[in-house]
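Inspection log for the structure reproduced underneath, given as structure tokens.
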Amino acid sequence: MTTLRIPITMCHGTSDAGDFPLSRDHFATLVGIAAELGFTSIDYDQLAAWRNDGVALPPQPILFDFDHPVRSMLECHEVLSAQGFAGNLFVNTGPMEGDGYGTQTMTWDEIGGLHQAGWHIGAHTVTHPNLSELVARDPQGEQLQWELESCDATLQRELGLTPRDFAFTGTSWSSVAEQKVMQRYRFGRLWIVGSQYQADGEAIRYADLVGVSGDDEADGGPPCAARYITAETPAYRLPSMELQCALSHKPAAFRAYLKGALASDPAAADV
Ligand SMILES: [Zn+2]
């Protein structure tokens, strides 16, 4: 029996910024590869049903994750829905209460529309603190607790839903944050942009944080085995692969990542 490996992508909407811009067209190219290879998008409810209750997933499952309620998420939705896919959006609620509401961010109605269209909504704090650095001034996690409770309360008030899943902020993690997240949510999701992470104020290899053995790969990222969700991946240390970085921005690299989910050995799937 082969191990099911679920690829999971992450981005902050479309963006022309940075060394690895993600235009609508580029995003559509990557999403088209997932469609061509026969993947089916799933959400965290399906992931939980599979992991906790043994409910079968559709063939070749993939998670398309997105952080931040930015307006370009509407474009991502158009691209995904054209292929029959839906995403998982993790909302930090602070920007929804700021000056950019409705211009830089979506409106609550628009987020509700995504939810209606099959998108799954998760929590991502209020002010988006660096969780690794927050430990030093908030050792008991009281400020963090406020971040989680307030985010959840706002999502409940505005969307009528209680988030069950959480995305950690940036590449920052703390054991206090994980404890708080475990008390509140089903899953905690991390973010891979390279091989390194920050945990409890220290630098750490991502692979070490998630307990995956082996050397980092030549592309600068963690071992291939750390890049997919499996039945064994710690529920509060799920991976996600950023599209706007060297690891999966090029169509060939992205295709290799997806094919790695289908191969018996993910490291052998390079195209
Ligand atoms: Zn974020």
Packing rank of 63-69, 188-194, 16-22, 157-163, where each peptide gets the mean count of other beta carbons within 10 Å, highest leading: 63-69, 188-194, 157-163, 16-22
Pairwise centroid distance, computed over Cα atoms, of segment 35-52 with segment 73-94, Å: 15
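Dividing the alpha-carbon Rg of segment 43-99 by 2.2 N^0.38 Å yields what? Write out the running numbers ahead of the final one.
Working: Rg = 14.2 Å, N = 57, 2.2 N^0.38 = 10.2 Å.
Taking the Cα Rg and dividing by 2.2 N^0.38 Å, one obtains 1.38.
For the chain, with only Lys/Arg (+1) and Asp/Glu (-1) charged at the beta-carbon, what is the dipole magnitude about the Cα centre, in debye rounded to 20? Display every interim value, and only then the final one.
Working: 17 positive and 35 negative charges, 112 e Å.
Dipole magnitude for the chain comes out near 540 debye.
In Å, the Kirkwood hydrodynamic radius of the chain over pairs of distinct alpha carbons? Please list the in-between numbers first.
Details: mean 1/r = 0.0535 Å⁻¹.
When all Cα pairs of the chain are included, the Kirkwood radius is 18.7 Å.
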Ratio Rg/Rh, restricted to segment 201-271 and using Cα atoms, in which Rh is the Kirkwood radius: 0.95
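Give the percent of DSSP beta bridges with both residues in the chain that are antiparallel, rounded to the nearest 5. Before the final figure, lay out the partial values.
On the way: 8 of 31 bridges.
If I count the DSSP bridges inside the chain, around 25 percent turn out antiparallel.
Return the equivalent ellipsoid semi-axes of segment 88-187 as a descending list in whole Å, where each equals the square root of 5 times an eigenvalue of the C-alpha gyration tensor. Write down the numbers at each step before the final one.
On the way: eigenvalues 114, 43, 24 Å².
Calculated on Cα positions only, the semi-axes equal 24, 15, 11 Å.
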For segment 24-133, the spread of Cα positions along each principal axis, largest first, Å: 43, 34, 29
Kyte-Doolittle mean at least -1.0 and Cα axial length at least 20 Å: DSSP H helices in the chain: 142-159
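Per DSSP H run of at least 4 residues, take -39500 (n - 2.57); add these up for the chain, divide by its residues and hand me the 222 nm value, nearest 500 deg cm²/dmol. Walk me through the intermediate numbers first.
Values: 9 runs with 94 residues, N = 271.
It comes out at -10500 deg cm²/dmol, rounded to the nearest 500.
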For GLY122, residues with placed amide H under 5 Å, excluding near neighbours: LEU89, PHE90, VAL91
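Read-outs throughout are calculated quantities, based only on the coordinates presented, and are distinct from any laboratory measurement. Bear in mind that the values here come from a model prediction, so they are computed numbers and not experimental data. Because the Cβ atoms are built from the backbone with ideal geometry, glycine has one as well, and the counts that use them run over all protein chains shown.
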